[in-house]
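Have a look at the structure below before the remarks.
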Amino acid sequence: MAASGKKTDGRKDIRDVIIVGAGCSGLAAAVYCGRFLMRTLVLGETIGGVIITTDVVENYPGFIRLTGTELAKKLEEHARDYKSVEIREEKVIEVVKNGNIFKAVSEEGAYYGRAVIISSGTEHKKLDVPGESELANRGVHYCALCDGALYQDRPVAVVGGSDSAAKEALVLSQWASRVYMIYRGDKIRPEPVNYERVIANRKIEIISQANVMKMNANEKGFLKSVTLDKPYKGMKEFPVDAAFVAIGHIPLTGFARGLGLKTNDKGEILIDRNAHTNVPGVFAAGDVVDTSFKQAITGAAEGVLAAYSAYQHVSDSRVL
């Protein structure tokens, strides 16, 4: 039965599933919710999620190469093909549980459902330095696997010294002529195996005890250099064609604080193999959960598992 699309503050219009987040995992979950004939509402601040900020996607099975926006559009079109699926571009500000029913409050209204799938993703921690936002996807990036191949035989920088930063540097070394790891500490701090790999990689050079203070554009509006707080090789304005910021992620879970979800020390939602959280009726998928390898395809797969688990929950708990 198709959703009416009518906003409500009462419980007359209770969906089977509310999906919070409209990125790859949320849209993939919506496809399978549609296949299970569940009345489904997807609420997302940006339809497509962070994948639309990726210029070229070459690691999503079935597509040799397409833009992030194209991939997001294909997923959205597939989800919308099911009459029981409704998608709204609305930011969710709160999700609470009352008995066996969940209430999702957006900036536009309130909606009710028998199950919730949280696929709200994360946001990259930003340096918050001049030029960073203006040069996003024009030399400033946040995912080496997504965008590194654009910089074949060109010098790039990775800002950060954690294990994830080391992994970014190792990935970039496949393409770049030189990879500079810029880290504010005395010594980078990846896991021992990745530390040894970085040290052994002749393409990677570590700039320690340094901070990036500014991103500088060339005449065409693309990154040409980063300004350091101290000279390196005699230069404070250090030339690189790209800067990959790898200083962490922030899970977008603030709206769900009232649910009592268990998270790890990073704030990621803990799930089991079938996308169950510790709260009955709440499932989670994608970058917001505690899985170690986060890609569009793994998030989509988790979304499918979450949809199946939600279907089982709704089938068991629906009031006839």
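More than 17 Å from the chain's Cα centre (by Cα) and either open to solvent by less than 70 Å² (accessible area, probe 1.4 Å) or under 22 Å from residue 294 (Cβ atoms) (or both), is that true of residue 60?
Details: more than 17 Å from the chain's Cα centre (by Cα): no; either open to solvent by less than 70 Å² (accessible area, probe 1.4 Å) or under 22 Å from residue 294 (Cβ atoms) (or both): yes.
Criteria not met by residue 60.
I'm trying to understand the selection: among the residues of region 36-48, which are out of contact with any strand residue (DSSP E or B) (no Cβ under 7 Å at 6 or more places or on another chain) and open to solvent by 20 Å² or more (accessible area, probe 1.4 Å)?
Those that are out of contact with any strand residue (DSSP E or B) (no Cβ under 7 Å at 6 or more places or on another chain) and open to solvent by 20 Å² or more (accessible area, probe 1.4 Å): 36, 37, 45, 46.
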Selection from region 263-293 of residues that are assigned to a loop (DSSP other than H, G, I, E, B), surrounded by 19 or more Cβ atoms within 10 Å (Cβ to Cβ), in contact with a Ser or Thr (Cβ under 9 Å, 6 or more places away or on another chain) and not hydrophobic (A, V, I, L, M, F, W, C): 268, 281
Matching residues, region 154-169, being open to solvent by less than 40 Å² (accessible area, probe 1.4 Å) and touching a helix residue (DSSP H, G or I) at 6+ places or on another chain (Cβ under 7 Å): 156, 158, 163, 166, 168, 169
Failed condition for residue 151, given (1) more than 25 Å from residue 290 (Cβ to Cβ); (2) open to solvent by 70 Å² or more (accessible area, probe 1.4 Å); (3) touching a helix residue (DSSP H, G or I) at 6+ places or on another chain (Cβ under 9 Å); (4) among the hydroxyl-bearing types (Ser, Thr, Tyr): (2)
Subset of region 168-180 (residues that are under 25 Å from residue 63 (Cβ atoms) and either in contact (Cβ under 8 Å) with a residue 40 or more places away in the chain or not in a helix (DSSP H, G or I) (or both)): 168, 172, 174, 175, 176
Single residue of region 298-320 satisfying the filter (surrounded by 17 or more Cβ atoms within 10 Å (Cβ to Cβ) and of a type in the set (Val, Ile, Thr)) that is farthest from the chain's Cα centre (by Cα): 314
Residue match in region 77-97 (condition: open to solvent by 20 Å² or more (accessible area, probe 1.4 Å) and of a type in the set (A, V, I, L, M, F, W, C)): yes
Elements of type strands (runs of 3 or more DSSP E) in region 19-132, at least 2 residues being of a type outside the set (A, V, I, L, M, F, W, C): 85-88, 92-98, 101-106, 110-118, 122-124
Qualifying residues in region 213-256 (those that are closer than 21 Å to residue 153 by Cα and aromatic (Phe, Trp, Tyr)) - the one most open to solvent (accessible area, probe 1.4 Å): 222
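The values are calculated or read from the model by the stated rules, or taken from the named source; none is laboratory data. Remember, it's a predicted structure, so these values are computed and weren't measured experimentally. We place every Cβ from the backbone using ideal geometry, glycine too, and count neighbours over all the protein chains shown. In case anyone asks, the SASA skips ligands and DNA or RNA and just uses the protein heavy atoms, side chains included. Shrake-Rupley method; radii C 1.70, N 1.55, O 1.52, S 1.80 Å.
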